[in-house]
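The values are calculated or read from the model by the stated rules, or taken from the named source; none is laboratory data. Quick caveat: nothing in here was measured; it's all calculated off a predicted structure. Cβ placement follows ideal geometry from the backbone for every residue including glycine, while neighbour counts extend to all protein chains displayed.
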Amino acid sequence: MLNLLLSVVPALICITLHELSHGYVAYKLGDNTAKRMGRLTLNPIKHIDLVGLIMMVAFKFGWAKPVP
């Protein structure tokens, strides 16, 4: 259980920061879609795809919601 916790929490942080940076760069380059959809936030729920997270835990391969 501790192993699971020690792998999921950092993954959530990394995925959130990664997707936030995609949205931020797009916003700075003139595309405000991510901002309109509320994706320029540190809230992991806005960035995490549930199926992708489950796959990451089960098979060490997962994904996040793509930034529009």
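Out of the residues in the stretch 48-60 that are out of contact with any Leu (no Cβ under 7 Å at 6 or more places or on another chain) and over 18 Å from LEU17 (Cα atoms), state the one that is surrounded by the most Cβ atoms within 10 Å (Cβ to Cβ). It would help to see each step written out before you state the result.
Start the filter on the stretch 48-60 by keeping residues that are out of contact with any Leu (no Cβ under 7 Å at 6 or more places or on another chain), which leaves 49-56, 58-60.
With over 18 Å from LEU17 (Cα atoms) added as a condition, the list becomes 51, 54-55, 58-60.
Values: VAL51: 10, ILE54: 11, MET55: 14, ALA58: 9, PHE59: 8, LYS60: 9.
Checked the stretch 48-60; the qualifying residue surrounded by the most Cβ atoms within 10 Å (Cβ to Cβ) is MET55.
This table checks each residue for (1) of a type outside the set (D, E, K, R); (2) over 13 Å from the mean Cα position of the chain (by Cα).
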position	(1), (2)
ILE13	yes, no
LEU17	yes, no
ALA26	yes, yes
ARG36	no, yes
THR41	yes, no
PRO44	yes, no
VAL57	yes, yes
LYS60	no, yes
TRP63	yes, no
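Pick from the stretch 24-47 the residues that are in contact (Cβ under 8 Å) with a residue 24 or more places away in the chain, assigned to a helix (DSSP H, G or I) and among the hydrophobic types (A, V, I, L, M, F, W, C): which of them is surrounded by the most Cβ atoms within 10 Å (Cβ to Cβ)?
Checking each candidate, the answer is ALA34.
Specify the residue that is surrounded by the most Cβ atoms within 10 Å (Cβ to Cβ); the eligible residues are those in the stretch 1-23 that are in contact with a helix residue (DSSP H, G or I) (Cβ under 6 Å, 6 or more places away or on another chain) and more than 17 Å from ALA58 (Cα to Cα).
GLY23
If the Cβ limit is 6 Å and pairs must be 6+ apart or interchain, which residue in the stretch 1-17 that is in contact (Cβ under 8 Å) with a residue 24 or more places away in the chain pairs with which residue that is in a helix (DSSP H, G or I)?
Listed by first residue and then by second, the contacts come to LEU12/PRO44; THR16/PRO44.
Of the residues ALA64, ALA34, ALA58, only one is touching a His at 6+ places or on another chain (Cβ under 7 Å), of a type in the set (A, V, I, L, M, F, W, C) and either under 22 Å from LEU4 (Cβ atoms) or at pLDDT below 95 (or both); which?
ALA64
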